[in-house]
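What follows is a short report on a single structure.
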Amino acid sequence: MKTLLLNSLEINIKQSDITKETTDAIVNAANKEMIPGGGVDGAINRAAGPDLGSAQRKLGPIETGEAVITAGFALPAKYVIHTAGPIWHDGANDEEHELAASYLNSLNLAKEHKLTSISFPAISTGVYHFPLDLAVKIVFETLTEFSQNPGTVQVINLVNFDSKTNVVYEKYFAMKL
Ligand code: ADP
């Protein structure tokens with residue numbers, strides 16, 4: 001795990017399974033329909049139990065970049081913040097702004113609920129095919145913007161399932177900070 005400071009925000013970059021996170025909230029890379037799917041969404045739903053899927057479905061559909069909150073049910077995290085990241089087409093369909101919105105809206109929801117810690121997966125970089133290098137740049141810029149006015153939020157964990165993704169995150173953040 002690598003720990004960095006962004007203004008007063010503690011950023012932890014780690015290779016792990018997000019379902020094990022003990023932060024106040026974990027973020028789910030959901031789909032707009034809010035129907036539990038594969039990837040990290042499937043893993044979170046398996047670990048949380050069937051009540052999460054029921055709560056999730058009731059809140060859908062959502063817009064790309066929007067974020068909504070449910071309980072965490074059987075997860076160690078108290079809440080799950082669900083956001084629909086953009087599907088990458090060619091970059092000419094507002095994908096970059098939409099990915100930034102997914103992160104910023106999730107963070108603002110955590111702030112509104114007076115949470116202190118939140119964990120993110122690498123939203124849209126799986127089956128949604130957002131280029132990883134560009135995604136990491138957007139994550140860094142969005143967290144930097146949020147760090148100006150983080151409210152109650154003190155700790156942000158960037159939780160990467162695979163080592164390749166984790167190395168790209170570590171290198172980019174180390175270069176910038
Ligand atoms: P998207 O549809 O937004 O691309 P995916 O679930 O396909 O979402 O992938 C997003 C990222 O989440 C990928 O880097 C994938 O490896 C990762 N991932 C999958 N399972 C987990 C997990 N249990 N914990 C953390 N990250 C995960």
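Looking only at the stretch 51-68, which residues are surrounded by 14 or more Cβ atoms within 10 Å (Cβ to Cβ) and either basic (Lys, Arg) or within 20 Å of Ala110 (Cα to Cα) (or both)? Listed by number, the residues that qualify are Leu52, Ala55, Gln56, Leu59, Gly60, Ile62, Thr64, Gly65, Glu66, Ala67, Val68. Ala135 falls short on exactly one of the conditions (1) crowded, with 24+ Cβ neighbours inside 10 Å; (2) free of Cβ contacts under 8 Å to residues at least 40 places away in the same chain; (3) more than 12 Å from the ligand (Cβ to nearest atom); (4) among the aliphatic types (A, V, I, L, M), and that condition is (3).
Thr144 - would you say it is in contact with a Ser or Thr (Cβ under 7 Å, 6 or more places away or on another chain), at pLDDT 95 or above and more than 16 Å from the ligand (Cβ to nearest atom)? So Thr144 fails the test.
Take the conditions (1) more than 12 Å from the ligand (Cβ to nearest atom); (2) over 13 Å from the mean Cα position of the chain (by Cα); (3) in a loop (DSSP other than H, G, I, E, B); Thr23 misses just one of them, which is (2).
The values are calculated or read from the model by the stated rules, or taken from the named source; none is laboratory data. Bear in mind that the values here come from a model prediction, so they are computed numbers and not experimental data. Counting neighbours? That spans all protein chains shown, and the Cβs are built from the backbone with ideal geometry, glycine included.
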